[in-house]
Amino acid sequence: MRKILVRLSIVVLVFAVTASAQKRNITEKDLFDFAWVADPQISPDGSTVAFVKVTVNTAKTNYDTSIWTVSTSGSDEPRRLTSTTRDTSPRWSPDGKYLAFVRSGDQPGPAAAPQLFMLAMSGGDSWQVTSLPRGINSLSWSPDGKWISFGNSQNAEEIARGGKPAPTPADGRESDVRVITRAVYRSDGGGYIDNNHPNHLWVIAAPRSPEDKPTPKQLTSGSYNEGGFVWSRDGSQIYYTTNRVTEQYYEETPNTEIYSVPSAGGEPSLLTKVALGVGGLSLSPDGKQFAFNASASTKPVQSYTQPDLWVLDITPNAQPKNLTTGFDYDVGGGVGGDNAPPRAGGGGGLIWSADGKSIISVYAKEGRANLGMFDAATGKMSDVTKGDQAVLSYRATRDGGKIIYTRSTPTVITDLYILDRSSGSSKQLTKINDGLFSKLNLTEPDDVWYTSFDGKRVQTWVQKPPNFDPNKKYPLILNIHGGPHAAYGYVFDHEFQWMAAKGYVVVYPNPRGSTSYGQDFGNIIQHNYPGDDHKDLMAAVDEVIKRGYIDEKKLGITGGSGGGVLTNWAVTKTNRFAAAVSQRDISDWSNWWYTADFAQFQPSWFKGAPFEDPGFKERSAITHVANIQTPMMFILGEADYRTPPTAGGEELFRALKYRKIPTVMVRFPNEGHELSRSGQPWHRIERLQHIVGWFDKWIMGMAKPEYEVTPR
């Protein structure tokens, strides 16, 4: 009997080794075959989930979105509902008989404006409901299912013309000159801000067939944007948020005004004004309270204030109550990777229990994002989900008994799960990447805590190459997150997996200033960024080197946004790195202050303006460029308004060329600050190729003629 068991053990071992050998390492181009689950919505009876499936288009220049459904039984494969490639925002009617969604056109211009479509779940084709200039956003059903609300940004002149184009001036030329009067006049990914088209609230009768031709009705107007639309429980009112301060960047604390307007039409009325930047409103089951996420207003202004959970009575001039002052983690926060859905979004907001006694929200703690249940009176928290993961999107049935959510881990992009709260059991509903991932040799990172220079405990992850051998010496890449108030964690990151597959050990820490470790840890870098966070990063490298499997002469450093800031700063402080790749960086804080897409008029990172605070010069890498000996590559998006190239890599590139330090600038046309997460798929691939290409040249000694002044 013992011999039989030994033989069986050998067979199992051989099978496992063979299966592992049949898998291959991930490549940069596997991104083309990734699929994402976005914006899941559970039907009123809890039997079905509608979601958006996001894929790379055939030209590899953009992303396709289509609406699918899957049974919550877990026994069926997902089924595609819509056949075009620009469908998003599925929303169930209260009776579950219809699905409203948004469809955009394929071609740029007015025809691409997103419009409301309807689909009967009993069968048949979908049909178009609206044809509004500038399209719709934020659609929501009334509680009785008779109306649908949405946002639209037509101005009064366009409405008066009935959506017809503006008349051509007598000389046949329409001016393209911009007259700018506000400090914030453009936004990354959105271009120049159009203050002549604020978003307003509209409603339309919900049609039941293509023959119904309802006319949309505008409920609000004026010069200010409105959003966060929420129906009252009886459907008689719609609540919304706005800020009627023209130049908000002068305000020391953010303010939000909450209004209500009769859904049948009438004058809006102000409910209350709160000194907070309110997130989406969530209405209690009895219709008497809102819940929302917001960061508390502080004086003096802080660099970082963690988000909390608040409740607000729906009575005139009521003020909110912070439920989580004693909970030192980010309620409503998350962790970042490079593979959240690049289109269609999602989220989850706040979910009230049926009895109104508790509120479910995602929260971030030590690199994890899970769902927690917070007592609506005391804020006491109990876990709804647990584990080394990141919950990205979530929704619940009306009674809160079933929760659907998407989760990501270091080896899973996104898949859909359902949690039965009565039993506590969780079930996977989709496996949309299993066909590809079953062929890939992916590995989980090590979770490492270490002590920094001043005794603070810091967390980092170490992604090792497949088939890692602790007796070998490996090159290392230090990868730094942006923000700076953000966090790495237990979430899928293609970049780290691919770098490891190329033979590098990837170290990605959460230095001081990172979120998910409490208020003090996040805010400690105020007026000292970059600074001691750099020391945390160097301590992470030292910690991994101590483990004996790193070649100390083969170290690389990279990071984007705030990570680009710290990459630039590091090479002015040390020559330990053989190569550096700085992405969408800032090298000159003064230049950035004058040109970024948001105004830093409050003393959060600096104590004043560049002409008031010498810290701008001292903490700029360009000031210390004479110290840089490290070969540097700069990866820049030419449409990046968050960290404009002129304030970052362009300056250092020219300075390093002057000093004859090896340097290359790689510029991506039409790409903004989100290049690595939602840029054109081909550009995302080329970005990865250039990052590792630069390290291969300077760390591994590979020939890379494309980086020579005169390619051989």
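The values are calculated or read from the model by the stated rules, or taken from the named source; none is laboratory data. Owing to the predicted nature of the structure, the values given are computational and were not obtained by experimental measurement. Heads up, the Cβs are rebuilt from the backbone with ideal geometry, glycines too, and the neighbour counts pull from every protein chain shown.
Go through region 346-380 and count every residue that is of a type outside the set (A, V, I, L, M), under 23 Å from the mean Cα position of the chain (by Cα) and either closer than 11 Å to residue 309 by Cβ or assigned to a loop (DSSP other than H, G, I, E, B) (or both).
We begin by selecting, within region 346-380, every residue of a type outside the set (A, V, I, L, M); these are 346-349, 352-353, 355-358, 361, 363, 365-368, 370, 372, 374-375, 378-380.
With under 23 Å from the mean Cα position of the chain (by Cα) added as a condition, the list becomes 346-349, 361, 363, 365-368, 370, 372.
Checking which are either closer than 11 Å to residue 309 by Cβ or assigned to a loop (DSSP other than H, G, I, E, B) (or both) leaves us with 346-349, 361, 363, 366-367, 372.
Of the residues in that region, 9 qualify.
Given the criteria in contact with a Ser or Thr (Cβ under 7 Å, 6 or more places away or on another chain) and either buried (at least 20 other Cβ atoms within 10 Å of the Cβ) or not hydrophobic (A, V, I, L, M, F, W, C) (or both), does residue 343 qualify?
Details: in contact with a Ser or Thr (Cβ under 7 Å, 6 or more places away or on another chain): yes; either buried (at least 20 other Cβ atoms within 10 Å of the Cβ) or not hydrophobic (A, V, I, L, M, F, W, C) (or both): yes.
Spelling it out, residue 343 is indeed in contact with a Ser or Thr (Cβ under 7 Å, 6 or more places away or on another chain) and either buried (at least 20 other Cβ atoms within 10 Å of the Cβ) or not hydrophobic (A, V, I, L, M, F, W, C) (or both).
Residues that are within 22 Å of the chain's Cα centre (by Cα) and modelled with pLDDT of 95 or more: find the strands (runs of 3 or more DSSP E) completely inside region 429-516 holding 1 or more of those.
Working: elements: 446-451, 457-463, 474-480, 505-510.
Fully inside region 429-516 and qualifying: 457-463, 474-480, 505-510.
Of the residues 386, 380, the single one that is modelled with pLDDT under 95 and of a type in the set (Lys, Arg) is 386.
Looking across region 82-97, the residues that are under 23 Å from residue 402 (Cα atoms), of a type outside the set (Asp, Glu) and surrounded by fewer than 20 Cβ atoms within 10 Å (Cβ to Cβ) come down to 91, 94, 96, 97. Taking region 623-635 as the range and being under 26 Å from residue 598 (Cβ atoms) and either aromatic (Phe, Trp, Tyr) or in contact with a Phe, Trp or Tyr (Cβ under 7 Å, 6 or more places away or on another chain) (or both) as the test, only 634 passes.
To keep it simple, each residue is scored yes or no on (1) among the small types (Gly, Ala, Ser); (2) surrounded by fewer than 20 Cβ atoms within 10 Å (Cβ to Cβ); (3) modelled with pLDDT of 95 or more; (4) out of contact with any helix residue (DSSP H, G or I) (no Cβ under 9 Å at 6 or more places or on another chain).
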position: 623; (1), (2), (3), (4): no, yes, yes, no
position: 628; (1), (2), (3), (4): no, no, yes, no
position: 656; (1), (2), (3), (4): no, no, yes, no
position: 683; (1), (2), (3), (4): no, yes, yes, no
position: 696; (1), (2), (3), (4): no, no, yes, yes
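Restricting the first member to region 650-667 and to residues that are among the hydroxyl-bearing types (Ser, Thr, Tyr), and the second to residues that are crowded, with 17+ Cβ neighbours inside 10 Å, the beta-carbon pairs closer than 7 Å and six or more apart or on different chains are 663/631; 663/632; 663/653; 663/656.
When 418, 413, 432, 477 are screened for being crowded, with 21+ Cβ neighbours inside 10 Å, of a type outside the set (Lys, Arg), touching a Ser or Thr at 6+ places or on another chain (Cβ under 6 Å) and in contact (Cβ under 8 Å) with a residue 60 or more places away in the chain, only 418 passes.
For residues in region 640-670 being assigned to a loop (DSSP other than H, G, I, E, B) and polar (S, T, N, Q), which is nearest to residue 620 (Cα to Cα)?
Keep residues of region 640-670 that are assigned to a loop (DSSP other than H, G, I, E, B), which gives 640-644, 648, 660-662, 669-670.
Adding the requirement that they be polar (S, T, N, Q) leaves 643, 670.
Details: 643: 14, 670: 27 Å.
Looking at the filtered set, the residue picked out is 643.
For region 698-712, a residue qualifies if it is modelled with pLDDT of 95 or more and β-branched (Val, Ile, Thr), and exactly one does: 699. Say whether the condition of being touching a Pro at 6+ places or on another chain (Cβ under 6 Å), under 24 Å from residue 36 (Cβ atoms) and not in a strand (DSSP E or B) is met by at least one residue in region 393-416. Scanning region 393-416 turns up at least one residue that is touching a Pro at 6+ places or on another chain (Cβ under 6 Å), under 24 Å from residue 36 (Cβ atoms) and not in a strand (DSSP E or B). Find the residue count for region 521-535, including only residues that are surrounded by fewer than 23 Cβ atoms within 10 Å (Cβ to Cβ), in contact (Cβ under 8 Å) with a residue 60 or more places away in the chain and assigned to a helix (DSSP H, G or I). Residues meeting the conditions: 4.
What about residue 56, is it closer than 21 Å to residue 206 by Cα and in contact with a Phe, Trp or Tyr (Cβ under 9 Å, 6 or more places away or on another chain)? Working first, answer last.
Working: closer than 21 Å to residue 206 by Cα: no; in contact with a Phe, Trp or Tyr (Cβ under 9 Å, 6 or more places away or on another chain): yes.
So residue 56 fails the test.
The listed residues are 220, 130, 215, and the only one of them that is within 26 Å of residue 92 (Cβ to Cβ), in contact with a His (Cβ under 7 Å, 6 or more places away or on another chain), hydroxyl-bearing (Ser, Thr, Tyr) and at pLDDT 90 or above turns out to be 220.
Put simply, of 145, 163 the only residue that is at pLDDT below 95 and small (Gly, Ala, Ser) is 163.
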